[in-house]
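Q: Take this structure, written in structure tokens, and hold onto it; I'll ask about it next.
Just so you know, all these numbers are worked out from the coordinates, no wet-lab data involved. What you see is a predicted model, and the numbers here were worked out from it, not measured in a lab. All Cβ positions, even for glycine, are placed from backbone atoms using ideal geometry, and neighbour counts span all protein chains on display.
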Amino acid sequence: MRALPALALLLASLACQAETAPQIRQTYAAEAASQQAGFAPSAKRGEALFRQRFAINDKMPACTSCHTDTPVNAGQHAVTGKTIRPLAVAANGERFTDPAKVEKWFGRNCKEVVGRACTPAEKADFIAYMSEVR
């Protein structure tokens, strides 16, 4: 139950403050640090999450199923065939700039691919990787 007020505060702070990928990453990192002392975002862990295969969904077992192995390239939704703009901030300056959209897509994609909600630490790591990849 303690997580619900923290999540509400996180979402409110995202909506009020964050407008860049580093700001959104830092908001998730702060939430993760409150749960895990000394947490710092890691692009290496973010890349591992991006490339990891999960046995939840045969059509989308990994982020790379839709977003390709190279996040600077456009992808294609594995089910609908819809083109997906690149995930990497270097190739898509709008990526990770709208807190509501970021939370919406993490919610949907984590559930579909990972099979559960992603943690604030995973979100911070993922954004760290997508902010560094060129």
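Q: How many lysine pairs are close in the chain, with Cα atoms under 21 Å apart and the two 8 or more places apart or on different chains?
A: Close lysine pairs found across the chain: 11.
Q: May I ask you to evaluate 6.51 cos²θ - 1.76 cosθ + 1.60, the Karplus curve with θ = phi - 60°, for each residue of the range 24-29 and list the ³J(HN,Hα) values in order in whole Hz, giving x for glycine and proline?
A: Each residue's phi maps through the Karplus curve to give 5, 4, 5, 5, 5, 5 Hz.
Q: Now a separate question. To make sure I understand, if each residue's beta carbon is the centre and we count other beta carbons within 10 Å, what order do Thr20, Thr64 fall in, fewest to most? Provide the component values of the computation, followed by the final result.
A: Values: Thr20 13, Thr64 18.
Listed from fewest to most nearby Cβ atoms, that is Thr20, Thr64.
Q: If you plug each phi of the range 53-66 into the Karplus form 6.51 cos²θ - 1.76 cosθ + 1.60 with θ = phi - 60°, what whole-Hz ³J(HN,Hα) values come out, in order, with x for Gly and Pro?
A: Ordered by residue, 3J(HN,Hα) equals 9, 10, 9, 7, 9, 4, 7, 9, x, 7, 4, 5, 4, 10 Hz.
Q: Then there is this: When a footprinting reagent is the concern and you count Cβ atoms within 10 Å, what order do Asp58, Asp125, Asp69, Asp98 take, fewest first? Don't skip to the answer; put the middle values down first.
A: Values: Asp58 8, Asp125 28, Asp69 11, Asp98 16.
Fewest-to-most Cβ neighbours within 10 Å comes out as Asp58, Asp69, Asp98, Asp125.
Q: Given H placed on each backbone N at 1.01 Å, which residues far from Ile84 in sequence or on other chains put an amide H within less than 5 Å of it?
A: HN-HN under 5 Å from Ile84: Gly75, Gln76, His77.
Q: Output the relative contact order of the chain, whole-number percent, from Cα pairs under 8 angstrom with separation of 6+ residues. Could you put the intermediate results ahead of the total?
A: Details: 218 pairs, mean separation 46.3, N = 134.
Computed over the chain, the figure is 35 percent.
Q: Short version: ³J(HN,Hα) in whole Hz for each residue of the range 84-100, in order, from phi by Karplus 6.51 cos²θ - 1.76 cosθ + 1.60 (θ = phi - 60°), x for Gly and Pro, what are they?
A: 10, 4, x, 7, 5, 4, 4, 9, 8, x, 7, 5, 6, 10, 10, x, 5
Q: To make sure I understand, if each residue's beta carbon is the centre and we count other beta carbons within 10 Å, what order do Met60, Met130 fall in, fewest to most? Don't skip to the answer; put the middle values down first.
A: Values: Met60 17, Met130 26.
The order, fewest Cβ neighbours first, is Met60, Met130.
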